[in-house]
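K.L.:
Below is the structure I would like to discuss, written out as structure tokens.
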Amino acid sequence: MKRLKAKLALPIIILFLGVVLLASAPSAWAHTHRVVTINGQQVEFVVGWVNEPPYAGEVNAVDFWAHYVNATCPQGAESTSPPCPVYGLDQDLRVEVMTGGQSQVLSFSPNLSDDIPPLFYGEYTAEVEPTVPGSYSFTIFGTVGSTNVNETFVCGPTTFECVDPANEIQFPQSIASSGDLQTALSNAQSQISSLQSQVTQLQGTVQTAFIVAGFGVAVGIIGMAAAAYAISRGRKRPTQQRGRRRT
């Protein structure tokens, strides 16, 4: 009996550990968290994409949540549900979206819930369409009261998702992205420029050949004319008659 209990205990422990690991695993809502101090209050920033996973060529938005870490809301802030949302950050903060050495600054808009009446849970969004796949970063910056905010969040395995190529979900045929079309257009323009340069060089060579050939023809014509003139002069020269001797 004791052996039977021991045999049953091991699978139960393994099952329990598996449930704990699944419960503690990160959810599909891939956002990164960071606590910052604003005007003496600890505020948790939660940053990611509204639509996940993000795909190149699809309209998306930067998703930004802000909550007070303390259970009690500061004076003047209305608590909709714990944790307490931070109001008015759309007036004070903006976000710079960066990828591949390029950047764009966007403004936030508060996102209200579908409740009746609609409620605000501390979510702000900034609409953007990532046009190329790859690594993206969001820098949230501005001044809130007497506090300067400048926080950068970079996509990755432990933060939020990077942008995937759209062909991963396209069916039945993949559509070339704007980046691919731009690359193809640039290559075509480069080839056209190279052909134009070659044609220009060829035209210069042909013109030079025509000039040389024309000069040669002119010289030949002059030589023929000179020869003909010399021949005609020789034919017109009078014949001298010899006198007879007297005997």
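Bear in mind that the values in this text are calculations on the coordinates, not laboratory data. Computed from a prediction, not measured in an experiment: that's the story for all the values here. Using ideal geometry, Cβ is built from the backbone for each residue, glycine included, and neighbour counts are taken over all protein chains shown.
K.L.:
Counting Lys +1, Arg +1, Asp -1, Glu -1, what net charge surrounds Gln41 among other residues with beta carbon under 15 Å of its beta carbon? Please report the intermediate quantities before stating the final value.
P.N.:
On the way: positive: Arg34; negative: Glu44, Asp92.
Residues close to Gln41 contribute a combined charge of -1.
K.L.:
For Thr147, what residues show an amide H to amide H distance below 5 Å, using hydrogens built from the backbone and excluding near sequence neighbours?
P.N.:
Asn39
K.L.:
Per 0.36 nm of contour for each residue apart, how much would the distance between Phe171 and Ile221 grow if the chain were fully extended, relative to their Cα-Cα spacing?
P.N.:
Answer, rounded to one decimal: 10.6 nm.
K.L.:
Also: Based on other C-beta atoms within 10 Å, arrange Val144, Val86 from fewest to most.
P.N.:
So the residues, fewest neighbours to most, are Val144, Val86.
K.L.:
I've got another one for you. In sequence order, what are the phi-derived ³J(HN,Hα) couplings for the stretch 142-153 according to the Karplus relation 6.51 cos²θ - 1.76 cosθ + 1.60 with θ = phi - 60°, rounded to whole Hz, with x for glycine and proline?
P.N.:
For the stretch 142-153, the Karplus curve yields x, 10, 10, x, 9, 10, 7, 10, 7, 10, 10, 10 Hz.
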